[in-house]
Each structure stands twice: as structure tokens, then as C-alpha cells.
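Student: Handing you this structure, nothing more for now.
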Amino acid sequence: MKDGFKVIDADRHILEPSDLYQKYLPEKFKNRVRLEGPNQTVRLVDGKPVSDSAQRPGRVMEDFGYIFSSSKRWRECFADAYANKFDPASNVRDMDREGIDVSVLFPTIGLYIMWRDDIDPELSAAICRAYNTWLAEYCDYDRKRLHGVMLIPLQDPARAVEELKYAREKLGLVGIFWRPNKFCGRTLASPEYDPVYETAADLGVTVCVHEGARTVLPQAGDDRYSEFGRHIACHPLEQMLACLNFCADGVLERFPKLKVAHLESGCGWVPFWLERMDEHWEHESHGSAKLTKEKPSYYFKRQCWVSCEAGEELAPTFVEHVGDDYLMIATDYPHSDAIDKFPDKTVGAISSNEKISAESRRKILWDNPTKTFGLGA
């Protein structure tokens with residue numbers, strides 16, 4: 001609890017152990033997944049990279065059996081978790097420091113590990129099963145406070161449906177980690193994904209759209225920005241296109257029970273984007289090509305949520321122009337975004353923000369993520 005509010009962190013990351021895939025993959029697949037170098041920055045599946053993290057300019061790291069930045073500031077900020085190899089107990093202790101009651105857990109290496117078009121679908125399915133099994137065991141530390149988001153092998157939608165059912169029904173995971181990038185020639189509106197959406201809707205599993213900068217997949221505008229601009233641009237641009245697919249291209253009209261969360265992209269793009277999509281839907285000329293019976297914003301407000309970071313200045317603007325029923329708080333712990341905020345401001349910058357009413361803060365911090373992920377808390 002923080003400032004009198006119960007809190008759900010809608011996008012918190014785990015740091016996978018370096019031996020996860022050696023431990024959890026079937027023997028025949030183990031030599032096909034290699035995580036090498038300091039902090040697993042060399043990430044190879046069948047000898048080809050799934051991430052370009054090793055090429056990040058100026059990256060200075062030391063060997064540690066876990067991934068992510070090993071900068072001095074990062075180690076000092078998350079000293080307890082670092083010393084305990086980011087185990088679930090240290091995660092929960094850090095949640096207590098931040099005033100977080102419940103967290104929804106996303107991957108780090110899993111942002112990339114099976115996200116390459118040409119990975120053998122059988123291998124991708126094995127990678128996803130290994131990760132989901134490990135994550136469920138991680139959440140077993142405290143099932144009331146820790147809820148996991150699964151990987152599914154989207155190279156083959158039929159296998160993806162199979163893993164989705166298993167991860168939900170057998171492992172209790174609450175969402176699907178889903179990159180917004182074009183994948184295997186498909187957009188999020190491609191009909192090949194319809195069986196996945198139908199299953200997710202039936203099982204109450206949320207599609208969690210979440211970008212990651214160090215991908216080998218194509219990214220919106222990736223031929224036009226600098227290394228500095230990459231993370232700035234790819235997260236919101238890819239989310240805007242994903243939102244277009246779901247709300248304007250008919251996905252949510254076809255699947256009215258499907259829930260979608262847009263994460264780690266800020267919330268400031270949403271008022272503009274909904275207005276622009278609606279304006280085109282109504283336009284005398286552009287509207288002649290519309291694909292839905294209702295305005296795109298109708299589907300967003302029926303089935304979508306978006307996360308913000310606690311200090312976002314446009315959070316009150318979002319509440320004013322979109323509404324307080326569609327916004328959630330996310331810390332991005334323990335990634336570098338959280339360094340200057342942890343532990344007091346990751347939640348505190350919004351729980352104490354008097355530009356947002358107490359009722360709206362209650363929705364953002366608890367009610368909305370409860371609905372988004374079906375936590376029943």
C-alpha cells in the first residue's frame with residue numbers, strides 16, 4: 001500500500017537465471033539455445049541472434065549469472081535483489097519498499113528469446129514451455145502477490161493456442177507477452193491469429209502488447225532514427241500501430257471479450273491517436289474505407305488499457321481526455337527506467353499526485369489492473 005492506496009504494478013520484470021534453458025528445455029533442444037557473455041548479451045537460437053544487445057554502443061558490463069545492465073548505479077539501486085540473484089523473495093521485499101501489493105511479471109530475456117521469424121516452431125514451443133514452467137515456479141513463492149505473463153510460440157498459431165491453454169489452465173499465468181512488431185509476415189490484425197484471440201478471450205487471458213528495443217525484428221521507423229532515438233521511438237510508434245490493428249482494423253469487433261493492455265510506451269499518445277482514428281472513421285473520404293461498425297475509440301474503451309509510469313506529466317491529460325477507467329501504473333522494475341525512481345517514486349509520484357483525483361488514483365493503482373488481468377483481488 002502507498003499513500004493509503006492498494007497498488008498493482010501492471011508491468012514489472014523478472015530477470016531470468018542464466019541456466020533457465022539448460023535446466024528446463026528437453027535434452028534434444030538444449031544445444032540450440034545459447035546465452036553467452038557477460039549478462040547473457042549474446043543470445044543465440046540455432047546459432048543466430050535473437051537480439052542485438054551485444055552491439056549496444058558503450059555497453060560496459062561484468063560477468064554475473066544474470067542479465068541486464070551491470071552499471072554501478074544499477075547495482076547500488078537494486079542492491080538487495082542483485083545480491084540475491086533477483087529471486088522472488090528479494091522481488092517481494094522490493095515491492096514492499098515501493099508500496100506495491102501485487103505485481104504482474106514480464107520477461108527480460110524473454111523479450112527476445114523466441115522472437116525471430118525463422119525459429120523452428122517446435123523449438124519455439126519448447127522455449128516457451130521452459131520459460132512458462134520456470135515463471136510459474138517463481139510465482140509459487142507468493143501466488144497472491146505474483147502473477148506471470150506467458151510466452152507462446154507465435155511462429156505456429158496452432159502451437160500457440162496449445163501453449164496458451166497449458167499456461168493458463170495448468171500454470172495459472174494471466175497474460176500473453178506479445179510484441180507489436182510485424183512477425184512471420186503477420187500484423188496483429190492478421191486472421192491467422194484469430195484462434196489465439198478466441199482462446200485468450202474464452203480463458204480470460206489478456207494480450208499484453210509490449211515492445212523491446214534490442215530486437216532483430218523490424219521496428220517502425222528503424223531506418224530513420226539514431227541509437228539514442230531507438231528506444232524513444234520504437235515503443236510508442238509500435239504501440240500506436242498495434243492499437244490501430246486492434247481498434248480500427250476489426251480485431252476487437254470480432255472478439256468482444258478479448259482484453260488488451262498496451263505497456264511500457266507511456267500514455268500520452270493515446271488521446272491523440274484515438275482522436276485521429278475517430279476523425280478518419282467519420283471523414284467523408286477516408287471513412288469510406290473504415291472496417292468497423294463503431295468508432296475505434298469505442299473498442300478501446302470497451303476492451304483496452306494502457307500503462308503509465310508514475311511521473312508522467314500527461315497522466316492527468318489522459319484522465320481528462322480518455323478517462324480514468326483505462327490507465328494503470330507500471331514500474332518497469334528492475335530495468336534502468338526505474339533507477340532514479342526506486343523505491344519512493346516508482347509508485348509515489350502518482351499516488352501523491354493531487355492533479356489526479358483520489359478516486360482516479362484508486363482506479364489507476366488498483367481497480368483497473370484488477371480488471372485488466374482478471375485478478376479477482
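No lab work stands behind these numbers, since they all come straight from the coordinates. Bear in mind that the values here come from a model prediction, so they are computed numbers and not experimental data. Here Cβ is always computed from backbone atoms with ideal geometry, including for glycine, and neighbour counts include all displayed protein chains.
Student: Inverting the mean 1/r over all pairs of different Cα atoms, compute the Kirkwood radius of region 255-296 and quote it in Å. Mind dumping the intermediate values first?
Tutor: On the way: mean 1/r = 0.0836 Å⁻¹.
After inverting the pairwise mean of 1/r, the radius is 12.0 Å.
Student: Right, next: Give me the Å³ per residue figure for the convex hull around the C-alpha atoms of region 236-377.
Tutor: On the way: hull volume 15.6 nm³, N = 142.
Convex hull of Cα atoms, per residue: 110 Å³.
Student: Expressed as cubic angstrom per residue, what is the convex hull volume of the alpha carbon set of region 69-218? Spell out each step's value before the answer.
Tutor: Values: hull volume 17.7 nm³, N = 150.
Enclosed volume per residue, from the Cα hull, is 118 Å³.
Student: Quote the charge dipole size of region 202-346 about the Cα centre in Debye, to the nearest 20; the model charges only the Cβ of Lys and Arg (+1) and of Asp and Glu (-1).
Tutor: Working: 14 positive and 25 negative charges, 100 e Å.
Magnitude of the dipole: close to 480 debye.
Student: Using the structure shown, list the pairs from K72/K371; K257/K345; K170/K259; K48/K182; K6/K170 with a Cα-Cα distance above 30 Å, or answer none. Working shown, then result.
Tutor: Values: K72/K371 38 Å; K257/K345 34 Å; K170/K259 21 Å; K48/K182 19 Å; K6/K170 28 Å.
Pairs exceeding the cut-off: K72/K371; K257/K345.
Student: Could the peptides 191-201, 76-86 be put in order, highest first, of the mean number of other beta-carbon atoms found within 10 Å of their residues? Before the final figure, lay out each step's value.
Tutor: Working: 191-201: 18.5, 76-86: 16.4.
In decreasing order of mean packing, 191-201, 76-86 become 191-201, 76-86.
Student: Sort by residue number and report every cysteine in the chain with no other cysteine beta carbon within a distance under 4.7 Å.
Tutor: C77, C128, C139, C184, C208, C234, C243, C247, C304
Student: Now for a separate question. Under unit Cβ charges (Lys, Arg +1; Asp, Glu -1), what dipole magnitude, rounded to 20 debye, does region 268-341 have relative to its Cα centre? Could you put the intermediate results ahead of the total?
Tutor: On the way: 7 positive and 15 negative charges, 88 e Å.
Dipole about the Cα centre, nearest 20: 420 debye.
Student: Label D3 and D325 with points 7 Å out from Cα along Cα→Cβ: what is the distance between them in nm?
Tutor: Spacing of the two 7 Å Cα→Cβ label points: 2.4 nm.
Student: Something else now. Report, in debye and to the nearest 20, how large the dipole of the chain comes out about its Cα centre when Lys and Arg carry +1 and Asp and Glu carry -1 on their Cβ. If you can, show how the numbers build up before the last one.
Tutor: Details: 49 positive and 60 negative charges, 118 e Å.
Around 560 debye, computed over the chain.
Student: Set Lys and Arg Cβ to +1 and Asp and Glu Cβ to -1, take the dipole of the chain about its Cα centre, and tell me which of N91, G212, Y197 lies farthest positive.
Tutor: Highest projection toward the positive end goes to N91.
Student: Return an integer: the convex hull volume of the alpha-carbon atoms of region 206-254, in Å³ per residue. Let's see the in-between values first.
Tutor: Working: hull volume 4.1 nm³, N = 49.
So the per-residue Cα hull volume is 84 Å³.
Student: Under a cut-off of 18 Å between alpha-carbon atoms, report the lysines in cross-link reach of K23, not counting same-chain residues fewer than 8 places apart.
Tutor: K85
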